[in-house]
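Notes for the one structure printed next.
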Amino acid sequence: MHFIFSSKNEAVCRQVYQVIASDADCFIYYDDALLLLKDVCTNRISGDVLILDVSFCKGFSDFVYDVCISKNVKLPIVQFGDPAFDKTVRAQRWLSENEIRYDSYDMHGLIPLFLKINDALETVLPYAHTDDAVAESSERGSSLKKHGTRVIDAMRHEKTLSPASCNLFAFLYKNRRREISVSEIANHLNITADSEKERNNIVYAQLSRLKKFLAKSNVAQEYKLKLLRTRKGFYKLFLAACVI
């Protein structure tokens, strides 16, 4: 595999690479984000995963995604330097962003690679062992909670969203880091019926109405919200990584 790193700290990148790579892999390093973007645009560089330092390349991934999409290339992008999430949630966050950006929801095969990269980052950059990181994590968590409340409140003010659909959206949003079963949704909405099949059909109808609403909602477009079936009987709300 070709691992492309972009950071101000080459030593850290090489340490991470040594943990995740085998003899057959290749290390590619950029300390100039603009040069990296230029090389991606002109096809001078290609790789299997792009690993960006947030403190060095904040917001830069947007440009890379746009270039890759224009070339019909799905280059997985991982961003590190964020102490706010444990490794499982962070890997899921990486997956969600790549799926949303590339509008492709069959990228779960990347999870082992993402977990491997994150394990290496945890080894090289032990965020949890510094007081500053703990304080930053707490502050970030509080900020994200407030952000999530704003998203739900914004949806509540959409005039065409029914109370039942708003309730369903809030439930899916609060559980956005995992897939939700139809049975869980039925229990949350207190749906009763003569049979399980009829109960499930009521849930499917609710999900369909919410899905159609999100396709036209300004709030949903702003936060890139998408409600998708992940497998039979399970659904998940996908959204841009900036609000995960």
_Can you tell me how many residues within region 100-127 are open to solvent by less than 30 Å² (accessible area, probe 1.4 Å) and either aromatic (F, W, Y) or in contact with a Lys or Arg (Cβ under 9 Å, 6 or more places away or on another chain) (or both)?_
7
*Check off (1) at pLDDT 85 or above; (2) under 16 Å from I4 (Cα atoms) for Y102 and give me the number that stays unchecked.*
(2)
*asked:* Would you confirm whether or not region 41-50 contains a residue that is more than 14 Å from V73 (Cβ to Cβ), of a type in the set (A, V, I, L, M) and either modelled with pLDDT of 90 or more or open to solvent by less than 80 Å² (accessible area, probe 1.4 Å) (or both)?
replied: no
_region 165-184, subset part of a helix (DSSP H, G or I) and touching a Leu at 6+ places or on another chain (Cβ under 7 Å), residue most open to solvent (accessible area, probe 1.4 Å)_ = N167
*Any residue in region 54-81 that's at positive phi: show its pairings with residues that are of a type in the set (G, A, S) and modelled with pLDDT under 85 at Cβ separation under 7 Å, as long as the two are six or more apart or on different chains.*
G81/S55
*Determine which member of the set L189, L237 is closer than 22 Å to D106 by Cα and touching a helix residue (DSSP H, G or I) at 6+ places or on another chain (Cβ under 9 Å).*
L237
*Sort out which residues of region 185-197 are surrounded by fewer than 16 Cβ atoms within 10 Å (Cβ to Cβ) and in a helix (DSSP H, G or I), and write them in order of number.*
N187, E196, K197
*Could you check how many residues of region 198-244 are part of a strand (DSSP E or B) and open to solvent by 80 Å² or more (accessible area, probe 1.4 Å)?*
2
*Considering residues of region 51-70 that are open to solvent by 60 Å² or more (accessible area, probe 1.4 Å), at pLDDT below 85 and among the hydrophobic types (A, V, I, L, M, F, W, C) only, the residue nearest to V16 (Cα to Cα)*: F56
*So D25 clears everything in (1) open to solvent by less than 80 Å² (accessible area, probe 1.4 Å); (2) at pLDDT below 90 except one condition, right? Which one?*
(2)
_Need pairs with beta-carbon distance below 9 Å; first residue within 13 Å of S181 (Cα to Cα) and small (G, A, S) and within region 223-235, second open to solvent by less than 30 Å² (accessible area, probe 1.4 Å) and not in a loop (DSSP other than H, G, I, E, B); sequence gap 6+ or separate chains._
G233/S181; G233/V182
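The values are calculated or read from the model by the stated rules, or taken from the named source; none is laboratory data. Keep in mind it's a predicted model, so treat the numbers as computed, not measured. Don't worry about glycine lacking a Cβ; one is built from the backbone with ideal geometry, like all the others, and counts go over all protein chains shown. Calculation scope for accessible area: heavy atoms of the full protein, side chains included, ligands and nucleic acids excluded. Shrake-Rupley method; radii C 1.70, N 1.55, O 1.52, S 1.80 Å.
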